[in-house]
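The values are calculated or read from the model by the stated rules, or taken from the named source; none is laboratory data. Predicted model, so just to flag it, every value in this text is computed and none were measured. Because the Cβ atoms are built from the backbone with ideal geometry, glycine has one as well, and the counts that use them run over all protein chains shown.
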Amino acid sequence: TTAINTIVNRINVLDARYYQTVDRSDAACFYYPEPTGQPVVFRGQCDTTIPVVPNFNANAYMGLWHEIERYPTPFQEGTCANARYSLTGGTVDVINTEVINQRLESINGFAVLATTDGSAKLKVTFPVAGTTQTIETDYWVLSTDYTSYSLVYSCRNLDSERRQVISWKLSRTKQLTNAAATTIRTVMNNINVLDQRYFSQTDQTPAGCFYFPEPRPGVQVEFPGQCETTIPVVPNFNMAQFQGIWHEIEAYPKDDQPGQCVNHQFTSGTGNTLNLVSSNVLNQALGITRGVVSFASNDLAG
(Lines give C-alpha, C1' and ligand atoms only; values in the text may rest on other atoms or scores of the structure.)
Protein backbone atom coordinates (compact mmCIF):
# COMPACT_ATOMS: atom_id res chain seq x y z
CA THR A 1 0.00 0.00 0.00
CA THR A 2 2.92 2.37 0.51
CA ALA A 3 3.78 2.29 -3.18
CA ILE A 4 0.13 2.86 -4.12
CA ASN A 5 -0.18 5.80 -1.71
CA THR A 6 2.94 7.36 -3.18
CA ILE A 7 1.40 7.32 -6.64
CA VAL A 8 -1.98 8.55 -5.37
CA ASN A 9 -0.30 11.52 -3.71
CA ARG A 10 1.23 12.56 -7.03
CA ILE A 11 -2.13 12.77 -8.84
CA ASN A 12 -4.43 15.54 -7.73
CA VAL A 13 -7.70 13.78 -8.62
CA LEU A 14 -6.80 10.77 -6.52
CA ASP A 15 -7.42 11.17 -2.81
CA ALA A 16 -7.55 8.56 -0.05
CA ARG A 17 -10.79 10.01 1.32
CA TYR A 18 -12.72 8.72 -1.71
CA TYR A 19 -11.57 5.11 -1.59
CA GLN A 20 -13.93 2.60 0.01
CA THR A 21 -12.98 -0.86 1.21
CA VAL A 22 -14.46 -3.65 -0.93
CA ASP A 23 -15.85 -6.57 1.10
CA ARG A 24 -14.15 -9.75 -0.09
CA SER A 25 -15.62 -12.08 2.57
CA ASP A 26 -17.40 -15.33 1.72
CA ALA A 27 -20.73 -13.74 2.63
CA ALA A 28 -20.17 -10.72 0.40
CA CYS A 29 -18.98 -12.82 -2.54
CA PHE A 30 -21.82 -15.34 -2.28
CA TYR A 31 -24.21 -15.62 -5.22
CA TYR A 32 -26.54 -18.21 -6.77
CA PRO A 33 -25.09 -19.61 -10.02
CA GLU A 34 -27.47 -20.40 -12.85
CA PRO A 35 -28.67 -24.03 -12.76
CA THR A 36 -26.99 -25.95 -15.59
CA GLY A 37 -27.54 -29.56 -14.58
CA GLN A 38 -23.90 -29.75 -13.55
CA PRO A 39 -22.69 -30.03 -9.93
CA VAL A 40 -23.42 -26.78 -8.09
CA VAL A 41 -20.35 -24.74 -7.20
CA PHE A 42 -20.60 -21.76 -4.82
CA ARG A 43 -18.04 -19.20 -3.84
CA GLY A 44 -16.49 -19.57 -0.43
CA GLN A 45 -15.60 -22.51 1.76
CA CYS A 46 -17.79 -25.25 3.23
CA ASP A 47 -19.67 -24.04 6.29
CA THR A 48 -18.73 -26.28 9.20
CA THR A 49 -21.40 -24.72 11.45
CA ILE A 50 -24.46 -25.90 9.51
CA PRO A 51 -26.68 -27.59 12.14
CA VAL A 52 -27.25 -31.33 11.84
CA VAL A 53 -29.40 -33.81 13.71
CA PRO A 54 -28.12 -34.17 17.31
CA ASN A 55 -28.07 -37.49 19.19
CA PHE A 56 -28.22 -39.32 15.88
CA ASN A 57 -29.92 -42.72 16.16
CA ALA A 58 -28.00 -44.79 13.63
CA ASN A 59 -30.06 -47.93 14.25
CA ALA A 60 -33.33 -46.13 13.49
CA TYR A 61 -31.82 -44.64 10.31
CA MET A 62 -30.92 -48.02 8.81
CA GLY A 63 -32.94 -49.64 6.04
CA LEU A 64 -34.15 -48.55 2.62
CA TRP A 65 -34.38 -44.90 1.54
CA HIS A 66 -35.79 -43.75 -1.81
CA GLU A 67 -34.24 -40.69 -3.44
CA ILE A 68 -36.99 -38.16 -4.21
CA GLU A 69 -34.93 -35.14 -5.30
CA ARG A 70 -31.22 -34.40 -5.60
CA TYR A 71 -28.67 -31.77 -6.53
CA PRO A 72 -26.69 -32.68 -9.67
CA THR A 73 -23.89 -35.10 -8.81
CA PRO A 74 -20.90 -36.32 -10.81
CA PHE A 75 -21.62 -39.94 -9.89
CA GLN A 76 -25.40 -40.27 -10.40
CA GLU A 77 -27.15 -40.21 -13.76
CA GLY A 78 -29.93 -42.78 -13.58
CA THR A 79 -33.49 -43.12 -12.32
CA CYS A 80 -35.02 -44.91 -9.33
CA ALA A 81 -32.03 -44.16 -7.09
CA ASN A 82 -32.22 -45.89 -3.71
CA ALA A 83 -29.91 -46.38 -0.76
CA ARG A 84 -29.93 -49.26 1.69
CA TYR A 85 -28.03 -48.94 4.97
CA SER A 86 -27.19 -51.67 7.49
CA LEU A 87 -25.18 -51.35 10.68
CA THR A 88 -22.32 -53.73 11.38
CA GLY A 89 -20.53 -52.86 14.59
CA GLY A 90 -19.66 -49.20 14.29
CA THR A 91 -19.70 -49.19 10.49
CA VAL A 92 -22.65 -48.56 8.18
CA ASP A 93 -22.68 -50.74 5.08
CA VAL A 94 -24.01 -48.76 2.11
CA ILE A 95 -25.58 -50.14 -1.08
CA ASN A 96 -26.61 -47.50 -3.61
CA THR A 97 -28.62 -48.53 -6.67
CA GLU A 98 -30.04 -46.78 -9.72
CA VAL A 99 -31.46 -47.78 -13.09
CA ILE A 100 -29.59 -46.76 -16.26
CA ASN A 101 -30.93 -47.84 -19.65
CA GLN A 102 -33.08 -50.50 -17.96
CA ARG A 103 -30.08 -51.99 -16.18
CA LEU A 104 -29.71 -52.01 -12.42
CA GLU A 105 -26.40 -50.46 -11.38
CA SER A 106 -25.13 -50.71 -7.83
CA ILE A 107 -22.16 -49.56 -5.79
CA ASN A 108 -21.15 -50.70 -2.32
CA GLY A 109 -19.46 -48.51 0.25
CA PHE A 110 -19.34 -47.84 3.96
CA ALA A 111 -19.89 -44.93 6.32
CA VAL A 112 -18.64 -44.01 9.78
CA LEU A 113 -19.50 -41.22 12.17
CA ALA A 114 -17.11 -38.31 11.70
CA THR A 115 -17.54 -36.92 15.23
CA THR A 116 -17.74 -38.23 18.79
CA ASP A 117 -20.50 -35.89 19.97
CA GLY A 118 -23.35 -37.98 18.56
CA SER A 119 -24.20 -35.52 15.79
CA ALA A 120 -25.32 -36.80 12.37
CA LYS A 121 -22.05 -36.06 10.57
CA LEU A 122 -20.82 -39.11 8.68
CA LYS A 123 -18.05 -39.85 6.20
CA VAL A 124 -18.96 -42.16 3.32
CA THR A 125 -16.33 -44.06 1.33
CA PHE A 126 -16.90 -45.52 -2.13
CA PRO A 127 -14.52 -47.24 -4.58
CA VAL A 128 -13.52 -45.37 -7.71
CA ALA A 129 -14.59 -47.45 -10.71
CA GLY A 130 -11.74 -49.00 -12.65
CA THR A 131 -9.13 -48.24 -9.97
CA THR A 132 -8.00 -49.45 -6.57
CA GLN A 133 -8.65 -46.00 -5.13
CA THR A 134 -11.53 -44.79 -2.97
CA ILE A 135 -13.25 -41.45 -2.50
CA GLU A 136 -14.54 -40.08 0.79
CA THR A 137 -17.43 -37.61 1.02
CA ASP A 138 -19.41 -35.90 3.76
CA TYR A 139 -22.88 -37.21 4.58
CA TRP A 140 -24.60 -34.83 6.98
CA VAL A 141 -28.19 -35.50 8.01
CA LEU A 142 -29.72 -32.05 8.47
CA SER A 143 -33.20 -33.27 9.36
CA THR A 144 -34.98 -36.62 9.69
CA ASP A 145 -37.78 -38.28 11.62
CA TYR A 146 -36.24 -41.70 10.79
CA THR A 147 -39.59 -43.09 9.63
CA SER A 148 -40.56 -40.96 6.63
CA TYR A 149 -37.99 -38.40 5.42
CA SER A 150 -34.37 -37.28 5.51
CA LEU A 151 -32.56 -34.18 4.21
CA VAL A 152 -28.89 -34.91 3.49
CA TYR A 153 -26.09 -32.43 2.71
CA SER A 154 -22.55 -32.85 1.44
CA CYS A 155 -19.89 -30.23 0.74
CA ARG A 156 -16.37 -30.34 -0.66
CA ASN A 157 -13.88 -27.49 -0.98
CA LEU A 158 -12.56 -27.38 -4.54
CA ASP A 159 -9.90 -24.77 -3.77
CA SER A 160 -9.45 -21.80 -1.46
CA GLU A 161 -12.34 -19.89 -3.05
CA ARG A 162 -14.91 -22.47 -4.25
CA ARG A 163 -17.01 -25.29 -2.81
CA GLN A 164 -19.20 -27.97 -4.39
CA VAL A 165 -22.49 -28.72 -2.66
CA ILE A 166 -24.72 -31.79 -3.06
CA SER A 167 -28.00 -32.49 -1.32
CA TRP A 168 -30.61 -35.24 -1.34
CA LYS A 169 -34.23 -35.44 -0.23
CA LEU A 170 -34.96 -39.01 0.83
CA SER A 171 -38.15 -40.83 1.75
CA ARG A 172 -39.08 -44.23 3.11
CA THR A 173 -41.78 -44.33 0.42
CA LYS A 174 -41.80 -43.34 -3.25
CA GLN A 175 -42.87 -39.78 -2.44
CA LEU A 176 -42.59 -37.29 0.40
CA THR A 177 -45.59 -36.53 2.55
CA ASN A 178 -46.80 -32.92 2.61
CA ALA A 179 -45.65 -32.62 6.22
CA ALA A 180 -42.17 -33.90 5.36
CA ALA A 181 -41.86 -31.55 2.38
CA THR A 182 -42.84 -28.59 4.58
CA THR A 183 -40.28 -29.53 7.23
CA ILE A 184 -37.54 -29.84 4.63
CA ARG A 185 -38.38 -26.42 3.16
CA THR A 186 -38.17 -24.87 6.62
CA VAL A 187 -34.68 -26.30 7.15
CA MET A 188 -33.55 -25.20 3.68
CA ASN A 189 -34.68 -21.62 4.33
CA ASN A 190 -31.94 -21.29 6.95
CA ILE A 191 -29.12 -22.63 4.75
CA ASN A 192 -28.17 -20.39 1.85
CA VAL A 193 -26.52 -23.09 -0.28
CA LEU A 194 -29.71 -25.17 -0.30
CA ASP A 195 -32.13 -23.79 -2.87
CA GLN A 196 -35.00 -25.51 -4.64
CA ARG A 197 -33.81 -24.29 -8.06
CA TYR A 198 -30.97 -26.82 -7.97
CA PHE A 199 -33.02 -29.87 -7.00
CA SER A 200 -34.25 -32.19 -9.74
CA GLN A 201 -36.87 -34.86 -9.20
CA THR A 202 -35.77 -38.48 -9.31
CA ASP A 203 -38.01 -40.74 -11.38
CA GLN A 204 -39.46 -43.30 -8.98
CA THR A 205 -42.31 -44.39 -11.28
CA PRO A 206 -42.74 -48.05 -12.28
CA ALA A 207 -41.32 -47.18 -15.71
CA GLY A 208 -38.32 -45.41 -14.18
CA CYS A 209 -37.65 -48.32 -11.83
CA PHE A 210 -37.99 -51.07 -14.43
CA TYR A 211 -34.86 -53.03 -15.28
CA PHE A 212 -33.93 -56.40 -16.74
CA PRO A 213 -32.31 -58.57 -14.05
CA GLU A 214 -29.26 -60.56 -15.02
CA PRO A 215 -30.34 -64.06 -16.20
CA ARG A 216 -29.44 -66.86 -13.80
CA PRO A 217 -29.92 -70.46 -14.97
CA GLY A 218 -32.69 -72.21 -13.07
CA VAL A 219 -33.67 -69.10 -11.10
CA GLN A 220 -37.09 -67.55 -11.61
CA VAL A 221 -37.10 -64.09 -13.17
CA GLU A 222 -38.29 -61.34 -10.82
CA PHE A 223 -38.94 -57.83 -12.13
CA PRO A 224 -39.54 -54.73 -10.02
CA GLY A 225 -43.09 -53.43 -9.81
CA GLN A 226 -46.47 -55.11 -9.96
CA CYS A 227 -48.06 -57.45 -12.51
CA GLU A 228 -49.38 -55.63 -15.59
CA THR A 229 -53.11 -56.24 -15.99
CA THR A 230 -53.48 -54.57 -19.41
CA ILE A 231 -51.20 -56.85 -21.47
CA PRO A 232 -53.29 -57.85 -24.54
CA VAL A 233 -54.34 -61.50 -24.80
CA VAL A 234 -56.22 -63.61 -27.37
CA PRO A 235 -59.88 -62.52 -27.46
CA ASN A 236 -62.74 -65.02 -27.78
CA PHE A 237 -60.39 -67.82 -26.78
CA ASN A 238 -61.52 -71.20 -28.16
CA MET A 239 -60.85 -73.88 -25.56
CA ALA A 240 -61.93 -76.70 -27.88
CA GLN A 241 -59.32 -75.80 -30.47
CA PHE A 242 -56.66 -75.44 -27.77
CA GLN A 243 -57.06 -79.08 -26.69
CA GLY A 244 -54.29 -81.56 -27.44
CA ILE A 245 -50.58 -81.91 -26.71
CA TRP A 246 -48.30 -78.88 -26.59
CA HIS A 247 -44.51 -79.24 -26.49
CA GLU A 248 -42.58 -76.66 -24.53
CA ILE A 249 -39.89 -75.18 -26.80
CA GLU A 250 -38.59 -72.35 -24.61
CA ALA A 251 -39.59 -71.18 -21.14
CA TYR A 252 -38.59 -68.84 -18.34
CA PRO A 253 -37.17 -70.79 -15.35
CA LYS A 254 -39.88 -72.01 -12.97
CA ASP A 255 -39.66 -73.68 -9.59
CA ASP A 256 -42.71 -75.91 -9.98
CA GLN A 257 -41.55 -77.69 -13.13
CA PRO A 258 -37.79 -78.10 -13.54
CA GLY A 259 -36.12 -80.47 -15.98
CA GLN A 260 -36.42 -81.01 -19.72
CA CYS A 261 -38.76 -82.50 -22.32
CA VAL A 262 -41.74 -80.65 -20.88
CA ASN A 263 -45.13 -81.36 -22.45
CA HIS A 264 -48.68 -80.25 -21.67
CA GLN A 265 -51.81 -82.16 -22.63
CA PHE A 266 -55.16 -80.36 -22.50
CA THR A 267 -58.44 -82.30 -22.56
CA SER A 268 -62.04 -81.26 -22.17
CA GLY A 269 -63.16 -80.82 -18.57
CA THR A 270 -66.44 -80.13 -16.81
CA GLY A 271 -68.12 -76.86 -17.62
CA ASN A 272 -65.96 -74.30 -19.36
CA THR A 273 -62.65 -75.86 -18.23
CA LEU A 274 -59.74 -77.92 -19.50
CA ASN A 275 -57.97 -80.73 -17.70
CA LEU A 276 -54.19 -80.34 -17.78
CA VAL A 277 -51.57 -83.09 -17.50
CA SER A 278 -47.98 -81.83 -17.62
CA SER A 279 -44.90 -84.04 -17.82
CA ASN A 280 -41.21 -83.36 -17.45
CA VAL A 281 -37.99 -85.36 -17.23
CA LEU A 282 -35.62 -84.61 -14.35
CA ASN A 283 -32.59 -86.80 -13.55
CA GLN A 284 -33.95 -89.46 -15.93
CA ALA A 285 -37.22 -89.65 -13.99
CA LEU A 286 -40.60 -88.74 -15.47
CA GLY A 287 -42.61 -86.25 -13.45
CA ILE A 288 -46.37 -85.75 -13.83
CA THR A 289 -48.50 -82.87 -12.55
CA ARG A 290 -52.23 -82.40 -13.00
CA GLY A 291 -54.43 -79.33 -12.91
CA VAL A 292 -57.50 -77.59 -14.27
CA VAL A 293 -57.52 -74.59 -16.60
CA SER A 294 -60.42 -72.13 -16.43
CA PHE A 295 -61.13 -68.58 -17.54
CA ALA A 296 -59.88 -65.91 -15.14
CA SER A 297 -62.57 -63.44 -16.30
CA ASN A 298 -65.98 -63.43 -17.91
CA ASP A 299 -64.86 -61.88 -21.21
CA LEU A 300 -63.64 -65.25 -22.57
CA ALA A 301 -60.17 -63.79 -23.19
CA GLY A 302 -57.27 -66.23 -23.22
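Go through (1) loosely packed, with under 13 Cβ neighbours inside 10 Å; (2) in a strand (DSSP E or B); (3) in contact (Cβ under 8 Å) with a residue 60 or more places away in the chain and name the single condition ALA60 misses.
Single failed check for ALA60: (2).
The rows are residues; the columns are (1) in contact with a Phe, Trp or Tyr (Cβ under 7 Å, 6 or more places away or on another chain); (2) outside any strand (DSSP E or B); (3) surrounded by 14 or more Cβ atoms within 10 Å (Cβ to Cβ).
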residue	(1), (2), (3)
GLU228	no, yes, no
GLU250	no, yes, no
ASP255	no, yes, no
VAL262	no, no, yes
PHE266	yes, no, yes
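Assess whether GLN204 counts as being in the same structural domain as ILE100 (by TED's automatic domain parsing) and surrounded by 14 or more Cβ atoms within 10 Å (Cβ to Cβ).
Yes, satisfied.
Picking from THR73, THR48, which residue would you name as being assigned to a loop (DSSP other than H, G, I, E, B), out of contact with any Ser or Thr (no Cβ under 8 Å at 6 or more places or on another chain), assigned by TED's automatic domain parsing to the domain that holds SER160 and exposed (fewer than 11 other Cβ atoms within 10 Å of the Cβ)? Full working, then the answer.
On the way: THR73 fails: exposed (fewer than 11 other Cβ atoms within 10 Å of the Cβ).
Going through THR73, THR48 in turn, the sole match is THR48.
Would you check if there is a residue in segment 94-103 being loosely packed, with under 15 Cβ neighbours inside 10 Å and touching a residue at least 60 places away in the same chain (Cβ under 8 Å)?
Yes, some residue in segment 94-103 is loosely packed, with under 15 Cβ neighbours inside 10 Å and touching a residue at least 60 places away in the same chain (Cβ under 8 Å).
For VAL40, all conditions in the list (1) out of contact with any helix residue (DSSP H, G or I) (no Cβ under 6 Å at 6 or more places or on another chain); (2) closer than 20 Å to THR137 by Cβ hold save one; what is the number of the exception?
All conditions pass for VAL40, except number (1).
Taking PHE212 as the residue in question, decide whether it is in contact (Cβ under 8 Å) with a residue 60 or more places away in the chain and under 30 Å from GLU77 (Cβ atoms).
When the stated conditions are applied, PHE212 passes them.
Evaluate the following for THR73: is it of a type in the set (Ser, Thr, Tyr) and in contact (Cβ under 8 Å) with a residue 24 or more places away in the chain?
Working: of a type in the set (Ser, Thr, Tyr): yes; in contact (Cβ under 8 Å) with a residue 24 or more places away in the chain: yes.
Yes: the conditions hold for THR73.
Looking for whichever is exposed (fewer than 15 other Cβ atoms within 10 Å of the Cβ) and either part of a loop (DSSP other than H, G, I, E, B) or in contact (Cβ under 8 Å) with a residue 60 or more places away in the chain (or both) here; the options are THR186, THR182, THR147, THR125. Which one fits? It would help to see each step written out before you state the result.
Working: THR186 fails: either part of a loop (DSSP other than H, G, I, E, B) or in contact (Cβ under 8 Å) with a residue 60 or more places away in the chain (or both); THR182 fails: either part of a loop (DSSP other than H, G, I, E, B) or in contact (Cβ under 8 Å) with a residue 60 or more places away in the chain (or both); THR125 fails: either part of a loop (DSSP other than H, G, I, E, B) or in contact (Cβ under 8 Å) with a residue 60 or more places away in the chain (or both).
Unique residue meeting the criteria: THR147.
Taking only segment 1-37 into account, find how many residues are loosely packed, with under 11 Cβ neighbours inside 10 Å and either part of a loop (DSSP other than H, G, I, E, B) or in contact (Cβ under 8 Å) with a residue 24 or more places away in the chain (or both).
The number of residues fulfilling the criteria is 16.
Taking the criterion of being farther than 30 Å from THR73 by Cβ, assigned to a loop (DSSP other than H, G, I, E, B) and modelled with pLDDT of 95 or more, would at least one residue in segment 233-247 satisfy it?
yes
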